[in-house]
Every structure is written in C-alpha cells, then in structure tokens.
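Down below is the structure, laid out as structure tokens.
Quick note: the coordinates plus some simple rules give every number you see, no bench work behind them. Worth saying up front: this structure is predicted, and the values here are computed from it rather than measured. Here the Cβ positions follow ideal geometry from the backbone for every residue, glycine too, while neighbour counts run over all protein chains shown.
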Amino acid sequence: MTAAVLGALGDIHGDFPTARRIVTKHRDVPMWLSVGDVATDSGIYESIGAPLYWIHGNNDNFDAIAAGATPDDFCYIRNGTCIEIGVRVAALGGTFARTWYESAAADLPHPKKGTARATGLADKRRLFVRGEVEACKKLQAVDIFLTHEAASPYRPFAGGRGPDAGKPQINEVLAAMKPRLHLFGHHHRESEQEREGVRSIGLDVVSKSYLLIHCKSLEIEHLTL
C-alpha cells in the first residue's frame with residue numbers, strides 16, 4: 001500500500017482509546033507508525049482501527065511479540081530490518097544496557113519471576129544489542145528510522161536541561177544509514193534536533209500529541225490533543 005500521508009504515534013502505554021480517537025479523526029491516513037511502548041501494563045494489545053507499523057520499547061509484551069499474538073493489523077518491525085510501505089522504514093527498538101550489549105539477541109534472558117512486574121523487569125528482550133546496531137548500519141536508502149532511544153546528546157528535561165540520556169549507538173546508525181528522518185520515543189517529550197546531519201524528532205505520549213508525515217517530502221505536521 002502506498003500512502004500520501006502517514007501518521008506517527010509516540011508511546012501508547014495501553015492508551016488505545018486515545019489512539020483510536022486519533023485514527024478516527026484522520027480516516028484519510030491509511031497507516032500509522034509507533035516508536036514503542038505500546039502495550040498496557042499487563043501486556044495487552046488492542047487494535048487502533050488502522051494498520052500500525054511498530055517497534056518495541058522497553059515496556060512491551062515480548063512473549064506476545066515472539067508468538068505473533070498481537071492484533072491482525074499490527075505489523076511489528078524487527079530490529080535491524082527495513083520494510084517498504086511506500087517509504088522505507090527501518091527499526092531499532094528497545095533500550096540500551098552496557099552489560100548486555102555484546103550478547104546475541106537470541107540469548108537475551110527472560111526468566112519467569114513471582115510477579116508480572118518482576119518478570120517484566122527481568123526480561124532482557126527489551127534491550128537492543130550490537131548485532132542489531134551493526135545490521136542497521138548496513139541498511140541503505142532508508143526514509144524513516146524508528147528507534148525507542150534518542151541519539152546523543154539528548155537532555156530529557158524541558159529547556160534542554162538534565163544529563164545526557166541519548167545513546168551513541170543511535171548516532172552510529174544515523175551516521176552510517178543517513179535516513180531522511182529519525183523518530184524516537186521513550187522520553188515522553190516532543191523535541192526536534194539534528195543529529196549526524198539527520199532531522200531527529202522525539203514524540204510525546206499519544207495522549208498529548210502526534211505527527212502526520214507527508215511521504216514524498218517527509219514534511220511534518222505536529223498536532224496536539
């Protein structure tokens with residue numbers, strides 16, 4: 001399917017009613033992107049009423065992802081891969097942890113604990129690893145690069161304050177891939193900056209704002225609720 005305009009949603013965190021309200025408002029937008037953290041706290045996914053092309057964040061249901069147990073109109077983009085939906089969209093979901101970065105993605109542990117919260121915290125599938133970063137660096141002719149983490153430097157507090165929460169691994173990919181546009185979430189704050197010569201936009205949570213992206217030019221409309 002080729003679209004003139006795509007929508008982009010920040011972290012949903014299970015707020016599917018708001019996501020559906022946005023989709024209903026833009027029935028002419030046939031497809032939506034998401035930068036991760038989609039599931040409810042209990043790991044549930046619900047349709048938003050339109051195809052959703054999404055990456056994982058650090059708060060998602062990785063058993064459901066592995067089993068493909070998500071709504072039929074959810075289209076999960078695996079780390080280090082690129083899909084064609086009229087524009088080429090590449091993915092590097094999840095967050096960074098130095099202690100697990102050299103692991104193989106298939107070896108990331110996910111033990112069962114006594115509570116759902118403890119199990120979620122122990123699930124290292126929420127992380128990205130070097131192999132996935134290197135795979136991303138080899139991708140070419142990418143229009144939109146979706147990540148959960150920000151590139152460095154990224155100051156998480158309003159006014160550009162706070163410690164640098166950006167991750168240099170994202171910069172490495174931006175420098176090698178040179179996508180036309182970079183979108184990320186995780187920090188629950190709308191922002192715009194340039195990193196490695198690439199326009200880099202942070203999305204706020206879905207209850208506050210979202211984007212419309214004109215596919216040919218990649219011009220952005222920032223819309224608030």
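Relative to the present Cα-Cα distance, how much length would full extension add between Thr99 and Glu221 at 0.36 nm per residue of separation? Each step should come with its number before you reach the end.
On the way: separation 122, 0.36 × 122 = 43.92 nm, distance 3.85 nm.
My answer for the length gained is 40.1 nm.
Between Gly160, Gly86, Gly57, the Gaussian network model of the chain with springs among Cα atoms under 10 angstrom shows the greatest mean-square fluctuation at Gly160.
Restricting to the chain, compute how many DSSP beta bridges are antiparallel as a %, nearest 5. Don't skip to the end; give the middle numbers.
Numbers: 20 of 41 bridges.
Around 50 percent of the beta bridges assigned by DSSP in the chain are antiparallel ones.
Rounded to whole numbers, the Karplus 3J(HN,Hα) couplings from phi for the range 22-34 are 5, 4, 4, 5, 10, 5, 7, 9, x, 9, 10, 10, 9 Hz, using 6.51 cos²θ - 1.76 cosθ + 1.60 with θ = phi - 60°, and x at Gly and Pro. Note on the chain: with a GNM built from Cα contacts shorter than 10 Å, the maximum mean-square fluctuation among Arg27, Arg126, Arg189 falls on Arg27. Using a Gaussian network model of the chain in which every pair of alpha carbons under 10 angstrom is joined by a spring, one finds that among His187, His214, His13 the greatest mean-square fluctuation is at His214. In plain terms, the bigger the Kirkwood radius, the slower the diffusion; for the chain, with that radius from Cα pairs, at 37 °C and 0.692 mPa s, Stokes-Einstein puts D at 189 µm²/s. Beyond 28 Å in Cα-Cα separation lie the following of the pairs Lys25/Lys167; Lys113/Lys137; Lys25/Lys216; Lys178/Lys216; Lys167/Lys208; Lys138/Lys208: Lys25/Lys167; Lys113/Lys137; Lys138/Lys208.
Assign unit charges at the C-beta atoms only (+1 for Lys and Arg, -1 for Asp and Glu), then state the dipole size of the chain relative to its Cα centre in Debye, rounded to the nearest 20.
260
Over the chain, dividing the summed -39,500 (n - 2.57) contributions of all DSSP H runs of at least 4 residues by the number of residues returns a 222 nm mean residue ellipticity of -5000 deg cm²/dmol. Under a 5 Å amide H cut-off, with hydrogens placed 1.01 Å from N, Tyr53 pairs with Trp32, Leu33, Ser34, Cys75 among residues at least 5 apart or on other chains. Hey, which lysines would be in cross-link range of Lys112, C-alpha to C-alpha under 22 Å, not counting anything within fewer than 8 residues on its own chain? Partners within reach: Lys124.
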